[in-house]
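Trainee: Just passing along the structure, written as structure tokens.
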Amino acid sequence: MKTIVGNWKMNVGTRESVALARGVLLALRGKKRLPEVALCPPFTALGEVRKVVARSHASLGAQNVAAEEQGAFTGEISTRMLVELGVTHVIVGHSERRHLFGETDASVNQKVIRTLSAGMVPIVCVGEGAADRADGKERDVVAAQLRGALADLHLRHKERILFAYEPVWAIGSGTSDTPADAVAMHAWIRSLVPELLPGIKPEQVAVLYGGSIDGSNAYLFLREDEVDGLLVGGASVKLSEFTKILDAAADVLDARAA
Ligand code: PEP
């Protein structure tokens, strides 16, 4: 399977979100084989986008969630609130949350645990910065983030986690990683699975790539077996680009089935 996640960030209001969601559903129409698709609008648009994607192939995702369950946390959105809105996927630990809003591996860990116990799928983001990559420390950084995010976690039957490998320097920069380097990192992440998630087999875990994906490079990543899908930021709010990405995923699925 291939999974395509659109992270619309703080870039669209409700009206644009509804139009985008409708466009995505149109783009999926008529395809023989469909990737799994999760759309993550801003919180304020979740209710309206839910109506568009109801009974469709697309799932509804949130861009963040509170680490706490409930209480005096002004401005926070809890897992229960997201579930009420029909959310099934939650992006957790996005680099913008880590770097701009001070999220730590410990808070990411709490969010992962809460998301799973609410019955939703966390999309756990990890990735090294430019200096880490220059120092050859990318594997150590990613492993430490994963160990922190998944500390004391035991996946129960049917619970799912998606990992998103997003090198920080590639996010929104216009310079993606190379497919070869992404493949190597995905294989590294998969090799850590027996340690991180006891009882789970490496091939049961999905690892998405994110960072400057658009219609021109999506296929080059998606055709790699190690790349289970893509987390897309900027190009996910441009319907023509996102459509190309969905087309690339459908092409890969068709080629595999042939
Ligand atoms: C992201 O924000 O997760 C992301 C991958 O952004 P972009 O596609 O714009 O690099």
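The values are calculated or read from the model by the stated rules, or taken from the named source; none is laboratory data. Please read these numbers as outputs of a predicted model, since none were measured by experiment. Cβ sites come from the backbone with ideal geometry, for glycine too, and all protein chains shown count toward neighbours.
Trainee: Quick one: in region 49-59, which of the residues that are touching a Leu at 6+ places or on another chain (Cβ under 9 Å), of a type outside the set (Val, Ile, Thr) and within 18 Å of residue 8 (Cα to Cα) is surrounded by the fewest Cβ atoms within 10 Å (Cβ to Cβ)?
Mentor: 50
Trainee: Would you confirm whether or not region 130-142 contains a residue that is modelled with pLDDT of 95 or more, in contact with a Ser or Thr (Cβ under 8 Å, 6 or more places away or on another chain) and either within 30 Å of residue 85 (Cβ to Cβ) or within 16 Å of the ligand (Cβ to nearest atom) (or both)?
Mentor: no
Trainee: Still on this structure, please answer the following. Out of (1) at pLDDT 95 or above; (2) β-branched (Val, Ile, Thr); (3) buried (at least 20 other Cβ atoms within 10 Å of the Cβ), what's the single condition that is false for residue 205?
Mentor: (1)
Trainee: Restricting to helices (runs of 4 or more DSSP H) lying wholly in region 145-258: which have 2 or more residues that are away from the ligand (no atom under 15 Å from the Cβ)?
Mentor: 179-191, 193-196, 239-257
Trainee: For a quick check of your reading of the model, give me the residue pairs whose first member lies in region 12-32 and is closer than 16 Å to residue 63 by Cα, whose second is assigned to a helix (DSSP H, G or I) and among the small types (Gly, Ala, Ser), with beta-carbon atoms closer than 8 Å and at least 6 apart or on different chains.
Mentor: Once the first residue is closer than 16 Å to residue 63 by Cα and sits in region 12-32, its partners that are assigned to a helix (DSSP H, G or I) and among the small types (Gly, Ala, Ser) give 12/45; 13/45; 14/45; 17/45.
Trainee: Tally time: how many residues in region 80-104 are outside any loop (DSSP other than H, G, I, E, B) and under 17 Å from the mean Cα position of the chain (by Cα)?
Mentor: Total meeting the criteria: 9.
Trainee: Here is a follow-up. May I ask you to list the residues in region 12-34 that are under 25 Å from residue 221 (Cβ atoms) and either within 16 Å of the ligand (Cβ to nearest atom) or of a type in the set (Val, Ile, Thr) (or both)?
Mentor: 12, 20, 24
Trainee: Do the conditions hold for residue 76, that is, is it within 23 Å of residue 160 (Cα to Cα) and surrounded by fewer than 17 Cβ atoms within 10 Å (Cβ to Cβ)?
Mentor: no
Trainee: Tell me, please, whether a residue that is touching an Asp or Glu at 6+ places or on another chain (Cβ under 9 Å) and of a type in the set (Gly, Ala, Ser) can be found in region 35-44.
Mentor: Within region 35-44, none of the residues are touching an Asp or Glu at 6+ places or on another chain (Cβ under 9 Å) and of a type in the set (Gly, Ala, Ser).
Trainee: Okay, moving on. If a residue has to be in contact with a Lys or Arg (Cβ under 6 Å, 6 or more places away or on another chain) and under 24 Å from residue 207 (Cβ atoms) to count, how many in region 68-111 make the cut?
Mentor: Of the residues in that region, 3 qualify.
Trainee: In region 1-11, how many are of a type in the set (Lys, Arg) and either away from the ligand (no atom under 14 Å from the Cβ) or free of Cβ contacts under 8 Å to residues at least 40 places away in the same chain (or both)?
Mentor: 1
Trainee: Can you name the number of the only condition in (1) within 16 Å of the ligand (Cβ to nearest atom); (2) buried (at least 23 other Cβ atoms within 10 Å of the Cβ) that residue 46 fails?
Mentor: The one condition residue 46 does not meet is (1).
Trainee: May I ask you to verify whether residue 62 is small (Gly, Ala, Ser), at pLDDT 95 or above, surrounded by 15 or more Cβ atoms within 10 Å (Cβ to Cβ) and farther than 16 Å from residue 245 by Cα?
Mentor: Yes.
Trainee: Moving on. Which condition does residue 152 not pass, out of (1) among the acidic types (Asp, Glu); (2) in contact with a Lys or Arg (Cβ under 8 Å, 6 or more places away or on another chain); (3) surrounded by fewer than 17 Cβ atoms within 10 Å (Cβ to Cβ), if it passes all the others?
Mentor: (2)
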